[in-house]
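Single-structure report; data block below.
The values are calculated or read from the model by the stated rules, or taken from the named source; none is laboratory data. If you're wondering where the values come from, they're calculated on a predicted model, not measured in any experiment. We place every Cβ from the backbone using ideal geometry, glycine too, and count neighbours over all the protein chains shown.
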Amino acid sequence: MTSQTITAAASGTWKLGDLEVNRIGFGAMRLTQNGAAFAAGAAPSDRGRAIGVLRRAVELGVNHIDTAAFYFSPLRSANELINQALAPYRDDLVITTKVGPGRGPSGEWLPHATPEQLRGQVEENLRQLGRDHLDVVNLRIVGTDSIAERFGALADLRTAGLIRHLGISNVRPEHLAEARAIAPVVCVQNQYGLGAQLEQEAFLRTCGEQGVAFVPFYAIAGAGRTEGAGGSEPAQLLAVARAHGVSPAQVRLAWTLHRGPHVLAIPGTGNPDHLTANVAAGALNLSAEDLAVLDALHSGGA
């Protein structure tokens with residue numbers, strides 16, 4: 001597979017409300033520092049390289065970028081890097097952000113925002129990105145409590161024109177039902193990938209049935225989460241990768257996209273070579289035999 005010539009258009013498209021995006025997008029979490037995201041003492045990323053990766057992503061057809069105001073390190077902010085690299089923004093570029101969590105100036109995590117505080121978080125994203133509205137805002141939560149008040153506050157901001165579309169993140173099926181009773185939901189962003197979260201399978205299918213995008217995070221990293229992928233890969237996965245002449249990470253991304261036309265991918269990297277490979281994974285056609293092997297691996301918790 002000649003990844004140099006492959007663009008994100010090869011992954012197909014999906015609509016977030018009225019906004020059409022290529023199914024391979026880009027996650028901005030890893031742009032701000034080297035090593036694990038949010039790790040204390042990690043070296044800041046090279047600013048020029050980070051800006052170059054963002055511009056190259058758009059050149060490769062990526063038109064869905066996932067970010068958050070809490071993606072920052074002592075010297076870098078993902079939102080401000082996006083602003084510097086890509087403003088004035090192309091009309092077809094969709095920027096999705098998250099609200100709910102907060103971090104203090106020194107990086108410490110704060111209690112999640114109350115309904116009253118969410119407007120301030122939305123305005124912070126607007127300011128950093130240099131936008132007069134946000135394309136998609138995900139309410140990210142922790143726990144099983146009702147999201148009605150918080151999601152309702154965002155629905156009010158949508159009505160006011162500050163937000164175009166709404167999504168939810170790190171949620172359960174009952175949260176989706178609760179949110180959809182308040183306002184339209186265009187996406188669910190949950191942790192998902194090969195060999196993890198088997199309980200997410202039914203939820204993924206439910207989203208598809210309801211026309212809601214399912215957007216996995218940590219699709220490559222898996223259990224590595226913010227630290228990224230690491231350790232040895234299962235022999236079955238390596239065999240599929242060798243057969244196609246690609247990396248295990250590309251197989252993981254391709255398998256994720258094969259889970260349904262409504263499944264999007266937002267792999268993040270600060271490495272331009274990894275970016276090119278991630279985008280190329282959208283063109284990887286896994287055979288029925290490949291999928292059978294990988295599905296069995298997934299069921300076994302690879």
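Select from segment 132-177 the residues that are among the polar types (S, T, N, Q), surrounded by 15 or more Cβ atoms within 10 Å (Cβ to Cβ) and closer than 20 Å to Asp18 by Cβ and list them in ascending order.
Keep residues of segment 132-177 that are among the polar types (S, T, N, Q), which gives 138, 144, 146, 159, 169-170.
Keeping just the survivors that are surrounded by 15 or more Cβ atoms within 10 Å (Cβ to Cβ) gives 138, 169-170.
The answer is Asn138, and nothing else.
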- A careful count of residues in segment 22-64 that are charged (D, E, K, R), within 22 Å of Ala9 (Cβ to Cβ) and over 16 Å from the mean Cα position of the chain (by Cα) gives 3
- Item | Qualifying positions in segment 13-30 - buried (at least 21 other Cβ atoms within 10 Å of the Cβ) and either of a type in the set (S, T, N, Q) or modelled with pLDDT of 95 or more (or both) | Trp14, Leu16, Val21, Asn22, Arg23, Ile24, Gly25, Phe26, Gly27, Ala28
- Message: The conditions are (1) in contact with a strand residue (DSSP E or B) (Cβ under 8 Å, 6 or more places away or on another chain); (2) at pLDDT 95 or above; (3) over 22 Å from Pro44 (Cα atoms), and Arg119 fails exactly one of them. Which is it?
- Response: (1)
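Among the candidates Leu118, Leu86, Leu75, Leu93, single out the residue that is under 21 Å from Asn190 (Cβ atoms), free of Cβ contacts under 8 Å to residues at least 60 places away in the same chain and either crowded, with 19+ Cβ neighbours inside 10 Å or among the hydrophobic types (A, V, I, L, M, F, W, C) (or both).
Selected residue: Leu118, the only one of Leu118, Leu86, Leu75, Leu93 that is under 21 Å from Asn190 (Cβ atoms), free of Cβ contacts under 8 Å to residues at least 60 places away in the same chain and either crowded, with 19+ Cβ neighbours inside 10 Å or among the hydrophobic types (A, V, I, L, M, F, W, C) (or both).
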- Say we look at segment 65-84 and pick out the residues that are aliphatic (A, V, I, L, M) and under 19 Å from the mean Cα position of the chain (by Cα); which of these is nearest to Asn125 (Cα to Cα)? Ala69
- Note on the structure: A careful count of residues in segment 39-67 that are within 23 Å of Thr276 (Cα to Cα), in contact (Cβ under 8 Å) with a residue 40 or more places away in the chain and aliphatic (A, V, I, L, M) gives 6
